[in-house]
Amino acid sequence: MYNGVKKQEGLIDITTPILNKEYILNITSQGTGGEGVARVDGYTLFVHGAISGDVVRAKVTKLNKSYGFAKLAEIIEPSPNRCEPLCPAFCDCGGCQLMHMTYESQCEFKRQTVKDALLRIGGIDCEVDFVPCDKPTHYRNKMVFPFSEKGEWGFYKGGSHDVIPLKDCPLGDSLNAKVLNFVRDFCKREHIFFYNEKTHKGILRRVFTRVSAENSEMMVVISVNADSLPHSDKLTAGLSAISPRITSIILNVNKKRTNLVLGEKNITLYGKETLTDTLLGLSYEISPHSFFQINHTQTEKLYTKALEYAELDKTKTVFDLYCGIGTISLSAAKLAKNVIGVEIVPPAIENAKKNARDNNIENAEFYCAAAEDITPELIEKGIKPDTVILDPPRKGSDERTLSAIVSAKPERIVYVSCNPATLARDLKFLAENGYKTDKATAFDMFPHTSHVEVVCSLSKKPQSWADFYKNRTLDQIMEDNYDGDWE
Ligand code: SAH
């Protein structure tokens, strides 16, 4: 059997695949990371670089009990969804996974990924709307570039820390390449060594750039394995001369043997300590450590949908959990009675408080704490939300936070997620605890990658009579049934 494809000479019949053998495979679907999937007699083979609709020749490289991996050798018949990737480093570079698919087919793949995860993991069968990105290139306002020991800048190869050298990245700002080339040449000229992760030797680790949408200012953060950078005055003079858009140059001290992009300490070498950006008419100060959504246009669309799902009015108390620098909180505060934002990163909360003051918003307060610790505390103190908005990181929320939310019986929950699998897991827990997912809208925040952002609207399920009576005492039931003395 050939998985539906005609046999080619020299290739082997495929029932249970054999390691190191080549097969012709019909790629019938794609995994959540974009990799091609072929099903062979109940056995699943993942083929990196193949897409749904391709017929490929691939060599089996790894076998587990019910699934395995095969390396793409040849595309025999290309899928109608294939296109020429717009970056020459695609495939080697780990940044993008879907650049070989037409933009329309990327969107359909992501919509289906969300729908499948909700159904398969969460048991939730709801319509998933999809909002594509109007401009699928140059959309990223933040980029982090590592350097190789030789001084090449780029991105890591997928699944490794080998730097794939780049000349530019079509997803980022057009000024990035000039900045990166300047930093590279400066280090070479001044004999500043590039960092080597294995030996923990060398100074220059990464360059991180962030741009604002409003006036296109750029912050450049230079992460070093040292307390200072030799000749940093020459660096700032040269960098700031590249473009008046560079309004801030920060040295980040990162001396730990860690994969974290930034160390704790920032030293402002030039210009401002923060970058200023706007979202839905409010202005935000963003420090290097703070999370800020990376696709400005799509973020405004996503927040608008989250606020629509929240159904706010001036009587409502809102919890915004995992609030970052308070972007959703402050947009919600304009529509609600009051908002409580919760975030674990201290500089982000400092930004959030300052952002509230700068935007003259007085009905938002912020707590720097873990959502799982502070949510039950606030509710026990009697502070009860009518609406909860939560936007956790990729690992999703957790049962302590979710249990506390349901115990407060909010009318609505709006869940914003960047990971359909953990979203579906958490929605399942919420469904088992009285909240129904009514609607979901997915947004393409990250074109050409397999990532997708989703907003879900949940409402309290009407209680069944059985559940209602389960929680009532006999006296209460008698009282419920008491028809008055008039009989
Ligand atoms: N809603 C914000 C941020 C979302 S990203 C926005 O749209 O910009 C998720 C945020 O959750 C990050 O800022 C991260 O620092 C924060 N976070 C991670 N774990 C947390 C926890 N246990 N409790 C509270 N916040 C947490």
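Taking only protein heavy atoms and a 1.4 Å probe, the accessible area of the chain is 52% carbon and sulfur. Label sites at Thr61 and Glu197, each approximated as a point 7 angstrom past Cα along Cα to Cβ, lie 1.7 nm apart. Packing-based ranking of 213-223, 66-76 yields 213-223, 66-76, ordered from highest to lowest mean Cβ neighbour count within 10 Å. Pairs from the table (Lys59/Lys428; Lys115/Lys255; Lys65/Lys439; Lys265/Lys439; Lys337/Lys460; Lys150/Lys395) lying more than 32 angstrom apart at Cα are Lys59/Lys428; Lys115/Lys255; Lys65/Lys439; Lys265/Lys439; Lys150/Lys395.
Taken along its three principal axes, the alpha carbon spread of region 260-338 comes to 46, 24, 24 Å, from the longest extent down to the shortest. Summarising the label geometry, the points placed 7 Å from Cα in the beta-carbon direction at Glu264 and Asn363 lie 3.8 nm from one another.
Computed from point charges on the beta carbon alone (+1 for Lys and Arg, -1 for Asp and Glu), the dipole magnitude for the chain about its Cα centre is near 2040 Debye.
Pairs from the list Lys188/Lys234; Lys305/Lys409; Lys167/Lys198; Lys142/Lys198; Lys188/Lys256 with a Cα-Cα gap above 18 Å: Lys305/Lys409; Lys167/Lys198; Lys142/Lys198; Lys188/Lys256.
For Lys337 and Asp398, what does the FRET efficiency come to when R0 = 25 Å and r is the distance between their Cβ atoms, rounded to the nearest 0.05? The calculated FRET efficiency here is 0.35.
Within region 309-459, all pairs of alpha-carbon atoms sorted by distance into 10 Å bins from zero give the percentages 12, 43, 37, 8, 0.
Estimated purely from DSSP H runs of n ≥ 4, each contributing -39500 (n - 2.57), the mean residue ellipticity at 222 nm for the chain is -8000 deg cm²/dmol once divided by its residues. Per residue, the solvent-accessible area of region 142-279 (1.4 Å probe, heavy atoms of protein chains only, all protein chains present) comes to 46 Å². In this structure, the pairs whose alpha-carbon distance is over 27 Å, taken from Lys301/Lys354; Lys157/Lys301; Lys157/Lys272, are Lys157/Lys301; Lys157/Lys272. Averaged over residues, the count of other Cβ atoms within 10 Å places the peptides 36-49, 356-369 in the sequence 36-49, 356-369, highest first.
For the peptides 170-180, 195-205, the ranking by mean Cβ contacts within 10 Å, running from highest to lowest, is 170-180, 195-205.
Annotation: extensible slack from Arg425 through Leu86 equals 118.5 nm (criterion: 0.36 nm per residue apart, minus Cα-Cα distance). Annotation: aspartates and glutamates with alpha-carbon distance below 13 angstrom to Lys110 (same-chain offsets under eight excluded): Glu35, Asp129, Asp444, Glu453.
Note on Lys316: aspartates and glutamates with a C-alpha under 16 Å away, same-chain residues under 8 apart excluded, are Glu308, Glu362, Glu365, Asp386, Glu411.
The values are calculated or read from the model by the stated rules, or taken from the named source; none is laboratory data. Source: prediction; values computed, not measured. Using ideal geometry, Cβ is built from the backbone for each residue, glycine included, and neighbour counts are taken over all protein chains shown. Side chains are part of the model used for accessible areas, which takes the heavy atoms of the whole protein and leaves out ligands, DNA and RNA. Shrake-Rupley method; radii C 1.70, N 1.55, O 1.52, S 1.80 Å.
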